[in-house]
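Note sheet for the following structure.
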Amino acid sequence: MTQFQIAVIVGSLRRDSINRKLASALAKIAPSEFFFKQLEIGDLPLYNQDDDPNPPAPAKRLKGEIMAASGLLFVTPEYNRSIPGVLKNAIDHASRPWVQNAWAGKPAGVLGASDGANGTALAQQHLRNILAHVDAPTLCQPEAFIQIEDGFFDEAGNISSERTREFLKAWMDRYIAWVKLHAAPF
Ligand code: FNR
């Protein structure tokens, strides 16, 4: 069976991140031919263009993981109406040197969770702008702006509400089709 490896980039380093939990719950509603791996971005130093001739080891690892992936899944919080600095730092690292931009051509999906009512809408819009520049074709619709309230996840980390689960399953179906359209399978 054809397999698809998805590189998951969570925009939060917080131990109990709701976005990390959401990314893990999403992986469970995907078809079995899709494998999701959450990438480490917390050990990346701040990007410095001086290091382009000899990038730090965590940046080389990140680029390798992205290049090996069939697709990208971004699950991010909103920080002060944009994306967190750790996420932008990771995107900058893997985009350089520009002729070796690891994001180019990788089909991407974007979603995010917040405890606020806007559900990361502004952060996602900023992220889409960045992904367009780094040449990652990004699923447009459906958009998913998730507000997390108490009881959103059950004890096993699944999404409690059947309605929300159905919505995210529909999102996942479109994402799967998007990846298959663009990706080289393994
Ligand atoms: C936030 N939070 C937040 N929420 C939001 O909806 N819009 C925003 O602009 C911000 N800004 C913001 C800035 C900073 C520095 C922090 C720490 C938090 C709240 C945020 O949604 C909440 O803390 C989430 O739980 C963060 O996601 P993780 O870390 O749980 O995945």
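Assorted remarks:
- Close Cβ contacts (under 8 Å, 6 or more residues apart or on different chains) running from residues in region 9-21 that are among the aromatic types (Phe, Trp, Tyr) to residues that are in a helix (DSSP H, G or I) and open to solvent by less than 10 Å² (accessible area, probe 1.4 Å) are absent.
- Taking region 34-49 as the range and being more than 17 Å from Ala108 (Cα to Cα) and over 14 Å from the mean Cα position of the chain (by Cα) as the test, the residues that pass are Gly42, Asp43, Leu44, Pro45, Leu46, Tyr47, Asn48, Gln49.
- Hits in region 21-40 - residues which are within 16 Å of the ligand (Cβ to nearest atom) and either modelled with pLDDT under 95 or assigned to a loop (DSSP other than H, G, I, E, B) (or both): Leu39, Glu40
- Filtered residues of region 102-151 (kept if out of contact with any Pro (no Cβ under 8 Å at 6 or more places or on another chain), aliphatic (A, V, I, L, M) and not in a strand (DSSP E or B)): Ala102, Ala104, Ala117, Ala121, Leu122, Leu127, Ile130, Leu131, Ala132, Val134, Ala144, Ile148
- Verdict on Ala57 being at pLDDT 95 or above and surrounded by 18 or more Cβ atoms within 10 Å (Cβ to Cβ): no
- Beta carbons closer than 7 Å, at least 6 apart along the sequence or on distinct chains, never pair a first residue in region 32-44 that is on the phi > 0 side of the Ramachandran plot with a second that is not small (Gly, Ala, Ser).
- Top-ranked residue in region 132-147 [being out of contact with any helix residue (DSSP H, G or I) (no Cβ under 8 Å at 6 or more places or on another chain) and away from the ligand (no atom under 11 Å from the Cβ); ranked as most open to solvent (accessible area, probe 1.4 Å)]: His133
- Only one entry in Lys180, Lys106 is away from the ligand (no atom under 16 Å from the Cβ) and out of contact with any helix residue (DSSP H, G or I) (no Cβ under 7 Å at 6 or more places or on another chain), namely Lys180.
- Taken together, Asp154, Asp150, Asp173 contain a single residue that is open to solvent by 30 Å² or more (accessible area, probe 1.4 Å) and either hydrophobic (A, V, I, L, M, F, W, C) or within 16 Å of the ligand (Cβ to nearest atom) (or both), which is Asp150.
- Taken together, Asn89, Asn129 contain a single residue that is over 17 Å from Leu39 (Cα atoms) and not aromatic (Phe, Trp, Tyr), which is Asn129.
For (1) more than 19 Å from Gln124 (Cα to Cα); (2) open to solvent by 50 Å² or more (accessible area, probe 1.4 Å); (3) within 16 Å of the ligand (Cβ to nearest atom), each residue gets a yes or a no:
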{"site": "Thr2", "(1), (2), (3)": "yes, yes, no"}
{"site": "Gln5", "(1), (2), (3)": "yes, yes, no"}
{"site": "Asn19", "(1), (2), (3)": "no, no, yes"}
{"site": "Asp51", "(1), (2), (3)": "yes, yes, no"}
{"site": "Gly64", "(1), (2), (3)": "yes, no, no"}
{"site": "Arg81", "(1), (2), (3)": "no, yes, yes"}
{"site": "Lys88", "(1), (2), (3)": "no, yes, yes"}
{"site": "His93", "(1), (2), (3)": "yes, no, no"}
{"site": "Arg96", "(1), (2), (3)": "yes, yes, no"}
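The values are calculated or read from the model by the stated rules, or taken from the named source; none is laboratory data. Since the structure is predicted, the reported quantities are computational estimates derived from the model, not experimental observations. Cβ sites come from the backbone with ideal geometry, for glycine too, and all protein chains shown count toward neighbours. Areas reflect the complete protein model, heavy atoms only, side chains present, ligands, DNA and RNA absent. Shrake-Rupley method; radii C 1.70, N 1.55, O 1.52, S 1.80 Å.
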